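Only one structure is covered here, and it is reproduced in the block below.
Readers should treat all values here as calculations from the given coordinates under stated rules, not as data from a laboratory. Note that the coordinates shown come from a computational prediction; the quantities given were computed from them, not determined experimentally. No Cβ is skipped: glycine too gets one built from the backbone with ideal geometry, and neighbour counts run over all protein chains shown.
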Amino acid sequence: MAFKASILTLYPDMFPGPLGHSLSGRALDKGLWQLETRQIRDYATDKHRSVDDTPAGGGAGMVLRADILASAIDDAASAEDPRPRILMSPRGKPLTQARAHELAEGPGAIIVCGRFEGVDQRVIDGRALEEISIGDYILSGGEIGAITLLDAIIRLIPGVMGNMESADTESFETGLLEHPHYTRPADFEGVGIPEVLTSGNHKKISEWRQSEAEKLTKERRPDLWHDFTAE
Ligand code: SAH
């Protein structure tokens, strides 16, 4: 069974969006992953089809109703559905390459895209939603987060990336940021390519790449460097 993503959103037309192009788009066409969207508004019960209401306790904005979202989730996935139920949320665990790998190895994901001020806490608790954040900033909705999460996952699904080697040295895979890249022309505005890369000496090249990766990580990401050297 191919990886299946079920997206719960107020904006189903945003999908597949960027995921319909390039690597993920070709993989979708080939059936290496599947995409289903559900309009949360279809589960509204009043004649205005409203999905949100004012926050209990007062304050700005609106909150997605627990009952409507729960109906949408239950309809997208039966209790036996093994797929993790994810809520895109700035309060969630920051997305990591490691979590993307785990998800890519699994049967898929049900992904809830929040809007407004967010969603009623009772549906998060009642449906055991795993909250995932894509970074420490606020987006206006969960859709771009869901697209980001899926893009990270899809390229790791077996068969999606042609040259699996390119995945292995990628930033975060080794605990380090990746080394710099160069290609033709040999001279760009008077700047050449580091000599070692044109030497044909594979051992030297890989030593250079490793040392550049370490240097970059140390400079730019002391947090990653700390974990790398603590291993
Ligand atoms: N009031 C909330 C933010 C709501 S933003 C708070 O302060 O925590 C509206 C929706 O956008 C959220 O429900 C979530 O689904 C999505 N969203 C916003 N920022 C996000 C982020 N960094 N990562 C993942 N989803 C995010």
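Taking 7 Å steps out from each Cα toward its Cβ at Ala56 and Asp227 produces label points 3.6 nm apart. A Förster radius of 22 Å, combined with the Cβ-Cβ distance separating Glu131 from Ala2, puts the computed FRET efficiency at roughly 0.30.
Normalised by 2.2 N^0.38 Å, where N counts its residues, the alpha-carbon radius of gyration of region 1-132 equals 1.10. Electrostatic tally near Val160: other residues with Cβ closer than 12 Å to its Cβ, Lys and Arg +1, Asp and Glu -1, net +1. Only Cα pairs under 8 Å and 6+ residues apart enter the sum, and on that basis the relative contact order of region 1-96 stands at 24 percent. Each peptide in 37-49, 150-162 was scored by the mean count of other Cβ atoms within 10 Å over its residues; highest first, the order is 150-162, 37-49. Based on alpha carbons, the Rg and Dmax found for region 169-230 are 13.3, 41 Å.
Packing order of peptides 217-225, 51-59, highest average first: 217-225, 51-59 (average count of other Cβ atoms within 10 Å over each peptide's residues). Taking 25 Å as the straight-line reach from the Cα of Lys30, the lysines in range (excluding those fewer than 8 positions away in the same chain) are Lys4. Could you tell me the calculated FRET efficiency between His181 and Arg91, based on Cβ-Cβ distance and R0 = 30 angstrom, to the nearest 0.05? Once rounded, the FRET efficiency stands at 0.25. Mean silhouette area of region 108-185, derived from the convex hull of its C-alpha atoms and averaged over all directions, reads 8.1 nm². Taking Cβ atoms as reference points and 9 Å as the exclusive limit, the residues near Ser24 contribute a net charge of +1, counting Lys and Arg as +1 and Asp and Glu as -1.
When only alpha carbons are used to place a centre, region 98-139 and region 193-231 end up 34 Å from one another.
A cut-off under 12 angstrom between Cβ atoms defines the neighbours of Leu8, and their net charge, with Lys, Arg +1 and Asp, Glu -1, is 0. Pair-distance distribution P(r) for region 2-76, from all Cα-Cα distances in 10 Å bins starting at 0: 18, 37, 26, 16, 3 percent. Rounded to the nearest 20, the Cβ-based charge dipole of the chain about its Cα centre (Lys and Arg +1, Asp and Glu -1) stands at 260 debye.
Each peptide in 61-70, 183-192 was scored by the mean count of other Cβ atoms within 10 Å over its residues; highest first, the order is 61-70, 183-192. Here the chain was treated as a single set of alpha-carbon atoms; its pair distances binned every 5 Å from 0 give 1, 6, 12, 14, 15, 13, 11, 10, 7, 5, 3, 2, 1, 0, 0 percent. In terms of its C-alpha gyration tensor, region 142-208 has a prolate overall shape, because the principal axis ratio a/c (a ≥ b ≥ c, square roots of the eigenvalues) is not below 1.5 and a/b outweighs b/c. Would you work out if region 98-144 is rounded, prolate or oblate? Take a ≥ b ≥ c from the square roots of the eigenvalues of the alpha-carbon gyration tensor; rounded if a/c is under 1.5, else prolate when a/b is larger than b/c, oblate otherwise. Judged from the Cα gyration tensor, region 98-144 comes out oblate (a/c at least 1.5, b/c at or above a/b).
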